[in-house]
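Peer 1: Could you have a look at this structure, given as structure tokens, before my questions?
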Amino acid sequence: MRKINFEEKVVGLSFLFIFIYILFFLIIPFFRENSLYSWDFPGLKASIEYQKDILPKLSDWNPTFFFGFSQNQFYPPLFSYLGAILSFIFSTEISLKILFSLSLIALPCSFYYFLRKYNLPKVPASVLMIVMFSLLFFIGGYSYGGNMDSTFRVGLITHVLGMVFFFFYAGRLNKDYQEGKFLISSVLFSLAILTHIIAAFACVIYFISTLIANFENLNKTGRYFLKQVGIVFLLTSAWIIPFIFKINFLKSYQIGAIDSKLIMLFVLVWLAISLFKERKEFLNIGIFFVGIFLFNFIYLYLFEIPVHMYRFYMYIILLIPLMAYSLINRRYINVVLVLMLVASIFIIVTNPIDSEGGKIKLEFGNVSFDTYDRVLVLPKINEVGGMHYLQNELPFMYGFEGVRGLYVESSRNARTVYNLESVLNNKQKYSMGAILDSELIDVNNFTNEKIEYELNILGINKVIGDAQFEYGLQSEEIFTLNNESYYVYEFNQSNLIEIWDKNISLINDSANKDEEIGKWFLGDNVSDEILIMKEFPEYDLKGTEKVVLDSVSGDKKEIRFRIESEKEIPVIIKQSYFPNWKAYSDGKAIKIYEVSPSFMMVFAKGEIELRYENRFVDILGLILSLVGVLSLIPSYIYEKKFISL
């Protein structure tokens, strides 16, 4: 039997410590006690549940939130896709927890892999792995993503999985570029893109940094660039191409920045020392830091880039231990490593994480909803976890169409929903993840009549709220959340399809459409007019016209109705406008107009059919991704036969 040497013992003990801690202090309590009710967890669970219904598609129309939105069109789909596959074996909750746990376990493994690919000996790599792991506990704040606080408190697990793929990719790229290979690093790059947008940006910057740091001649660098970018583009085309061509419907906003002058100073000093000593083995990491800070500068001062910039924070924090290690005098390296190890273990064991989550007491009464009820769930603002839980869970539990969901950036209607919530929710101005027209909200200006009309124009016929809700007809108590009673408040039935017999006003091309819609919805003219985005045909209403809804498919991707009129008239469809929707009048394609807030309108008569269909870019993306998958085989053969020689 081969004797285990000292290095192997250190590696084994390091992983043993981390895995025991993750298992007994994080995963087991998480599996046993966490109800997945807080912050993003309910939205992730709802996403998995819907993704299961649309498999094997990456993206499709989700009618459950924001008056309908395109599921996974603007959010990377890999996490919900894997969760949906697992949910054929396990429950949705267990599937999410399995993915969550595997991501946690894989994260320190990716650290070690990354460090070893930079040719660190096993002992320093093991110690630095623990140091990097400890930083996940040491860095607090629930908004950064990647640290333990945000992972368990908020549920930003896709951020963790994105970091896993980033560190595997960064390590593999460092090895692949030196050997002229590209296949495995390209696959890891693609997985990062399909997992989290910040991971995608981080991989792009790291890839460019590596090419700059290892530049020898334009021919070699150019060929490698084309190989990797070509494979990555093909593999991710099913998501990337539709994303690019529909990006105008993405409503993401610039939030936060990286503000750490101390880290910037450290990086500049490190780069100066490395260049002075002509040490280039970690140069691409320094250039990566410069790239992140340059991106941050462009983000702040030159162009508005709709990302949460502070989400890069953990990426740069986790690379600092390796940079610091490279500066340590080798005579003192063992002493320093021991001190770092002791400090890191102390940080981990003295910073416990609440992996069980908060507790809720939820008791349901007897109530039923119609499939076509559109219900605004309005929990109390201070019930942050409960708020997300109720808004994402109740639509699936009762089978009605909800209004507010997790993926606010995927819908142009999210801003209007937030404006409405801020008026209704105990008259508090409230926003999370979407811009709020706070300056336009005067709660004293909202009469019962105006509230009822705003709900009607949005197709909302019921509201679930607490006892302080002041509008509508209160029904029986339907459930209690932490001993707080909630009721259904009923309003006049709002039709999905209606003839529009009021004013139609064209929004000027030079105007900010979002701001104009905010003024319209919160202003005094909401009951008298609707805003339209493009020039529209003339029409003449006699008052005798009728519209009859014939059918709506179960997935709400096909809507059929009849317009009983001699001439073409405006009819509003209270579903979100999106380019995949196509309208047909007696079998002939007709134009769909976008009207405020972001609904559909047709000018037509006779038999009308609306269908949510794949566009050319959707089909093109799928074909290119299939080509990418098929290209992996000849790429593997090419690497094995020619590059490995």
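Peer 1: If the convex hull of the alpha-carbon atoms of the stretch 589-645 is projected onto planes in all directions, what is the mean projected area in square nanometres? Walk me through the intermediate numbers first.
Peer 2: Numbers: hull surface 27.1 nm².
It is 6.8 nm².
Peer 1: Residue by residue through the stretch 411-416, which ³J(HN,Hα) values in whole Hz follow from phi under the Karplus form 6.51 cos²θ - 1.76 cosθ + 1.60 (θ = phi - 60°), with glycine and proline marked x?
Peer 2: Rounded to whole hertz, the list is 9, 5, 7, 4, 4, 5.
Peer 1: List, in order, the whole-Hz ³J(HN,Hα) value for each residue of the stretch 139-145 obtained from phi through the Karplus relation with A = 6.51, B = -1.76, C = 1.60 and θ = phi - 60°; use x for Gly and Pro.
Peer 2: Karplus-based 3J(HN,Hα) across the stretch 139-145 equals 7, x, x, 8, 9, 4, x Hz.
Peer 1: Within the stretch 291-362, which trypsin sites (Lys or Arg not before Pro) sit in a loop by DSSP and count at most 12 neighbouring Cβ atoms inside 10 Å?
Peer 2: Numbers: sites: Arg311, Arg330, Arg331, Lys359, Lys361; in loops: Arg330, Arg331, Lys359, Lys361.
Listed in order of number, the matching sites are Arg330, Arg331, Lys359, Lys361.
Peer 1: Which is the longest run of the chain containing none of the chymotrypsin sites (Phe, Trp or Tyr not before Pro) found in DSSP loop states (not H, G, I, E, B) with at most 10 other C-beta atoms within 10 Å? Let's see the in-between values first.
Peer 2: Numbers: sites that count: Phe88, Phe215, Phe303, Tyr332.
Longest site-free region, per DSSP loop and neighbour criteria: 333-645.
Peer 1: In the chain, if the dipole is taken from +1 on Lys/Arg beta carbons and -1 on Asp/Glu beta carbons about the Cα centre, which of Leu78, Pro570, Val547 is farthest to the positive end?
Peer 2: Leu78
Peer 1: If you don't mind, another one. Of Gly518, Gly472, Leu262, whose Cα points farthest to the positive end of the dipole of the chain (charges on the beta-carbon: +1 Lys, Arg; -1 Asp, Glu; origin at the Cα centre)?
Peer 2: Result: Leu262, furthest along the dipole toward the positive end.
Peer 1: Continuing with this model, one more query. What does the charge add up to near Gly399, with Lys and Arg as +1, Asp and Glu as -1, over the other residues with Cβ less than 11 Å from its Cβ?
Peer 2: -3
Peer 1: In addition: Less than 19 Å from a label point 7 Å out along the Cα-to-Cβ axis of Asn445: which backbone N atoms in the stretch 520-543 qualify, by residue?
Peer 2: 520-531
Peer 1: I've got another one for you. At 7 Å along the Cα-to-beta-carbon direction for both Phe297 and Glu535, put a label point, then send me their distance in nm to one decimal.
Peer 2: Taking the simple label geometry, Phe297 and Glu535 are separated by 4.6 nm.
Peer 1: Could you work out how far apart the two model spin labels at Ile619 and Glu7 are, taking each label as a point 7 Å from the Cα in the direction of the beta carbon, and quote it in nm?
Peer 2: Taking the two extended label points, one gets 5.6 nm.
Peer 1: Given 0.36 nm per residue, what is the gain on full extension from Ile328 to Asn508 after removing their alpha carbon distance, in nm?
Peer 2: So the extension gain works out to 58.6 nm.
Peer 1: By how many nm would the segment from Val627 to Tyr584 grow when fully extended, if each residue of separation counts as 0.36 nm and the alpha-carbon distance is taken off? Mind showing how you got there, number by number?
Peer 2: Details: separation 43, 0.36 × 43 = 15.48 nm, distance 3.34 nm.
Extending this stretch completely gives an extra 12.1 nm.
Peer 1: Name the long-range amide H neighbours of Gly146: under 5 Å, sequence gap of 5 or more, or other chain; modelled H, no Pro or chain starts.
Peer 2: Thr151, Val160
Peer 1: Note the full-extension length gain between Ile85 and Val229 as 0.36 nm times their separation in residues minus their Cα-Cα distance, in nm to one decimal.
Peer 2: On the way: separation 144, 0.36 × 144 = 51.84 nm, distance 2.84 nm.
Computed gain between Ile85 and Val229 is 49.0 nm.
Peer 1: Right, another one. May I ask you to evaluate 6.51 cos²θ - 1.76 cosθ + 1.60, the Karplus curve with θ = phi - 60°, for each residue of the stretch 324-336 and list the ³J(HN,Hα) values in order in whole Hz, giving x for glycine and proline?
Peer 2: 5, 4, 5, 9, 6, 5, 4, 5, 10, 4, 5, 5, 5
Peer 1: Distance in nm between label sites at Ile345 and Gln468, each 7 Å beyond Cα in the beta-carbon direction?
Peer 2: Result for the modelled spin labels: 5.0 nm.
Peer 1: Give the shape of the stretch 230-371 as rounded, prolate or oblate, defined through the alpha-carbon gyration tensor: a ≥ b ≥ c are the square roots of its eigenvalues, a/c under 1.5 means rounded, and otherwise the shape is prolate if a/b is larger than b/c and oblate if not.
Peer 2: Details: a/c = 2.52, a/b = 1.38, b/c = 1.82.
Since a/c reaches 1.5 but b/c is at least a/b, the shape of the stretch 230-371 is classed as oblate.
Peer 1: Let me ask you something else. Classify the stretch 518-645 from the C-alpha gyration tensor, please: rounded if a/c falls under 1.5, else prolate or oblate depending on whether a/b exceeds b/c.
Peer 2: Numbers: a/c = 3.85, a/b = 2.45, b/c = 1.58.
Since a/c reaches 1.5 and a/b is larger than b/c, the shape of the stretch 518-645 is classed as prolate.
Peer 1: Moving to a separate point now. Assuming a ≥ b ≥ c are the square roots of the Cα gyration tensor eigenvalues, decide whether the stretch 161-212 counts as rounded (a/c under 1.5), prolate (otherwise, with a/b larger than b/c) or oblate. Write down the numbers at each step before the final one.
Peer 2: Numbers: a/c = 2.19, a/b = 1.54, b/c = 1.42.
Taking the square roots of the gyration eigenvalues as a ≥ b ≥ c, the stretch 161-212 is prolate.
Peer 1: Continuing with this model, one more query. With the dipole of the stretch 554-645 worked out from charges on the C-beta (+1 for Lys and Arg, -1 for Asp and Glu) around the Cα centre, which of Val627, Tyr638, Pro579 lies farthest toward the positive end?
Peer 2: Tyr638
Peer 1: If you look for lysine pairs in the stretch 139-251 that are eight or more places apart or on different chains, how many of them have Cα atoms under 23 Å apart? Before the final figure, lay out each step's value.
Peer 2: Numbers: Lys175/Lys220; Lys175/Lys227; Lys181/Lys220; Lys181/Lys227.
Step by step, the pairs that qualify in the stretch 139-251 add up to 4.
Peer 1: Do any trypsin sites (Lys or Arg not before Pro) in the stretch 568-621 lie in a loop, going by DSSP, with at most 15 other beta-carbon atoms within 10 Å of their beta carbon, and if so which?
Peer 2: On the way: sites: Lys574, Lys582, Lys588, Lys591, Lys605, Arg611, Arg615; in loops: Lys591, Lys605, Arg615.
Of the trypsin sites (Lys or Arg not before Pro), the ones in loops of the stretch 568-621 whose Cβ has at most 15 other Cβ atoms within 10 Å are Lys591, Arg615.
Peer 1: Carbon and sulfur together cover what percent of the accessible area of the stretch 205-280 at a 1.4 Å probe radius?
Peer 2: Working: 2980 of 4290 Å².
Its accessible area is 70 percent carbon and sulfur atoms.
Peer 1: Using modelled amide H (1.01 Å from N, peptide plane; none on Pro or chain starts), what sits under 5 Å from the amide H of Gln575, excluding residues fewer than 5 places away?
Peer 2: Those qualifying (amide H under 5 Å, at least 5 residues apart or on another chain) are Met600.
Peer 1: May I pose another question? Out of residues 5 or more away from Ile530 or on other chains, whose amide H comes under 5 Å of its own, with H placed 1.01 Å from N in the peptide plane?
Peer 2: Distant-sequence amide H within range of Ile530: Asn503, Ile504, Ser505.
Peer 1: Enumerate by residue number the trypsin sites (Lys or Arg not before Pro) in the stretch 1-92 meeting two conditions: DSSP loop (anything except H, G, I, E, B), and at most 11 other Cβ atoms within 10 Å of the site's Cβ.
Peer 2: On the way: sites: Arg2, Lys3, Lys9, Arg32, Lys45, Lys52, Lys57; in loops: Arg2, Lys3, Lys57.
Here the sparse-neighbourhood loop sites are Arg2, Lys3.
Peer 1: Roughly how many Å² is the accessible area per residue of the chain, as a whole number, for a 1.4 Å probe?
Peer 2: So the chain comes to 44 Å² accessible per residue, rounded to a whole number.
Peer 1: Additional query: Could you name the lysines whose alpha carbon sits less than 18 Å from that of Lys567, not counting residues in the same chain fewer than 8 places away?
Peer 2: Result set, ordered by chain and number: Lys502, Lys542, Lys546, Lys588, Lys591, Lys605.
The values are calculated or read from the model by the stated rules, or taken from the named source; none is laboratory data. Keep in mind that this is a model prediction, so the values were computed, not measured. Note that each Cβ is placed from the backbone with ideal geometry, even for glycine, and that neighbours are counted across all protein chains shown. Keep in mind that these areas ignore ligands, DNA and RNA; they rest on the heavy atoms of the full protein, side chains included. Shrake-Rupley method; radii C 1.70, N 1.55, O 1.52, S 1.80 Å.
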